[in-house]
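Asks: Take this structure, written in structure tokens, and hold onto it; I'll ask about it next.
The values are calculated or read from the model by the stated rules, or taken from the named source; none is laboratory data. The shown structure was predicted, so the numbers you read here are calculated from the model rather than taken from an experiment. Here Cβ is always computed from backbone atoms with ideal geometry, including for glycine, and neighbour counts include all displayed protein chains. Just so you know, the surface numbers come from the protein's heavy atoms only, side chains and all, with ligands and any DNA or RNA stripped out. Shrake-Rupley method; radii C 1.70, N 1.55, O 1.52, S 1.80 Å.
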Amino acid sequence: MTDNSTPVTGADKPLRLGTRRSKLAMAQSGMVADAVSEVTGRAVELVEVTTYGDISREHLAQIGGTGVFVAALRDALLRGEVDFAVHSLKDLPTAQPEGLVLAAVPVREDPRDVLVARDGLTFEQLPSGARIGTGSPRRMAQLNAYARNHGLDIETVPIRGNVDTRI
């Protein structure tokens, strides 16, 4: 090299971590990037990947639910555009894709769901007929069962979006 710089070898190149673009995905991926960098001594760069689930406005049940947020990450891995990816385990298909491996599962943060309501109301304080939005059929079933068992009158409605757009 004529500029007297040290050639970049594979061990010097940053590892490319594929992640969705949402604030939550970026925060989680950033924590993994820091941990991987600490263990390996290598820099890790986040590579933002847009998935079909991110751009579609259809209800999750209509577009296939599990897998619509991970397919683009999986494809980027298989094409060699990223070296590894971070994604919520709950959204991964149960069948292991050929050529890929689930290599690690970080320690889980608080797994509880949360209700975000105007005026800081709790679930029990919601007015009769309150509409609660969620993109999860599991949460809809849980909310409706809880309301029925506690004499509350709510309506669950499907919504789409990541945490920041829902709030």
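Asks: Out of residues 5 or more away from Ile154 or on other chains, whose amide H comes under 5 Å of its own, with H placed 1.01 Å from N in the peptide plane?
Replies: It is Gly129, by chain and number.
Asks: For the stretch 29-46, take each phi angle, set θ = phi - 60°, evaluate the Karplus expression 6.51 cos²θ - 1.76 cosθ + 1.60, and give the result in whole Hz per residue in order, putting x for glycine and proline.
Replies: Taking θ as phi minus 60°, the curve returns 5, x, 5, 5, 4, 4, 5, 5, 4, 5, 6, 9, x, 9, 5, 10, 10, 7 Hz for the stretch 29-46.
Asks: If you don't mind, another one. Assuming R0 = 25 Å, can you tell me the calculated FRET efficiency for the pair Glu109 and Thr165, based on Cβ-Cβ distance, to the nearest 0.05?
Replies: 0.75
Asks: Whose amide H sits under 5 Å from the amide H of Gly18, counting only residues 5 or more places off or on another chain, with H placed in the peptide plane?
Replies: So Gly18 has HN proximity to Val47, Asp83, Phe84, Ala85, Val86.
Asks: Are there trypsin sites (Lys or Arg not before Pro) in the stretch 105-167 that DSSP puts in a loop and that have at most 15 other Cβ atoms within 10 Å, and which ones?
Replies: Sites meeting the loop and neighbour criteria: Arg108, Arg112.
Asks: Further question: Carbon and sulfur together cover what percent of the accessible area of the stretch 123-165 at a 1.4 Å probe radius?
Replies: Solvent-exposed carbon and sulfur of the stretch 123-165 make up 53 percent of the total.
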